[in-house]
1. Of LYS18, LYS9, which residue is part of a loop (DSSP other than H, G, I, E, B), among the charged types (D, E, K, R), touching a Leu at 6+ places or on another chain (Cβ under 9 Å) and exposed (fewer than 15 other Cβ atoms within 10 Å of the Cβ)?
2. Among the residues of the range 6-16, what is the count of those that are basic (Lys, Arg) and at pLDDT 85 or above?
3. Checking GLY23 against (1) exposed (fewer than 15 other Cβ atoms within 10 Å of the Cβ); (2) in a helix (DSSP H, G or I); (3) not hydrophobic (A, V, I, L, M, F, W, C), which test does it fail?
4. Check PRO19 against each of (1) at pLDDT 90 or above; (2) under 28 Å from ILE127 (Cα atoms) and name the one condition it does not meet.
5. Among the listed residues VAL58, VAL120, VAL92, VAL109, identify the single one that is within 23 Å of LEU26 (Cα to Cα) and out of contact with any Phe, Trp or Tyr (no Cβ under 9 Å at 6 or more places or on another chain).
6. When the residues of the range 26-52 are narrowed to those that are polar (S, T, N, Q) and either loosely packed, with under 10 Cβ neighbours inside 10 Å or out of contact with any strand residue (DSSP E or B) (no Cβ under 8 Å at 6 or more places or on another chain) (or both), which ends up nearest to ASN105 (Cα to Cα)?
7. Please go through the range 70-126 and pick out each residue that is in contact (Cβ under 8 Å) with a residue 60 or more places away in the chain and either surrounded by fewer than 17 Cβ atoms within 10 Å (Cβ to Cβ) or not aliphatic (A, V, I, L, M) (or both).
Amino acid sequence: MKTASYTHKGIEKMAEGKPYAEGLTLAEHVCGLCAFAHSTAFCQTMEALLGIELPNTVLTIRAILLEMERLASHLADLTAICSSGGFGFASVRAAYFRELILQMNQQLVGHRFLRGFNQVGGVQKAIRPLA
């Protein structure tokens, strides 16, 4: 019987003994498409361990940015699916909408992939209004 397998990257070992700020940076770089989700999971873990309760404003900002990242990820998948299926026009349109999301991310927090925004105990700053 074949069991499921995965690629072991040794991320946990790399994080051992590091200050939490370096652990956060490492979490953001595990995957390019889900940097904010990984940094949020890291922050939530640290916050739970330290007994930090966040204000609703921070929870709302994180929820919005997680959804922005999810939309960009789904649009990247849709781009690839359409492209591999020979649907060039649909692929280009999905890529176009993903690019719009990434540009909004840049305007909101200053990074297309939402890196460097999360921190243990909250977020770096308020999100910027969209122009």
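1. LYS18
2. The total comes to 1.
3. It fails just one condition, (1).
4. Failing condition for PRO19: (1).
5. Working: VAL120 fails: out of contact with any Phe, Trp or Tyr (no Cβ under 9 Å at 6 or more places or on another chain); VAL92 fails: within 23 Å of LEU26 (Cα to Cα); VAL109 fails: out of contact with any Phe, Trp or Tyr (no Cβ under 9 Å at 6 or more places or on another chain).
Being within 23 Å of LEU26 (Cα to Cα) and out of contact with any Phe, Trp or Tyr (no Cβ under 9 Å at 6 or more places or on another chain) holds for just one of VAL58, VAL120, VAL92, VAL109, which is VAL58.
6. Ranking the qualifying residues of the range 26-52, first place goes to GLN44.
7. PHE113, ARG115, GLY116, PHE117, ASN118, GLN119, GLY121, GLY122, ALA126
Residue-wise test of (1) part of a helix (DSSP H, G or I); (2) more than 15 Å from the chain's Cα centre (by Cα).
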| site | (1), (2) |
| --- | --- |
| LEU75 | yes, no |
| LEU78 | yes, yes |
| ALA90 | yes, yes |
| ARG93 | yes, yes |
| PHE97 | yes, yes |
| ILE101 | yes, no |
| MET104 | yes, no |
| GLN107 | yes, yes |
| ALA126 | no, yes |
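The values are calculated or read from the model by the stated rules, or taken from the named source; none is laboratory data. Values in this document were obtained by computation on a predicted structure and should not be read as measured data. Here Cβ is always computed from backbone atoms with ideal geometry, including for glycine, and neighbour counts include all displayed protein chains.
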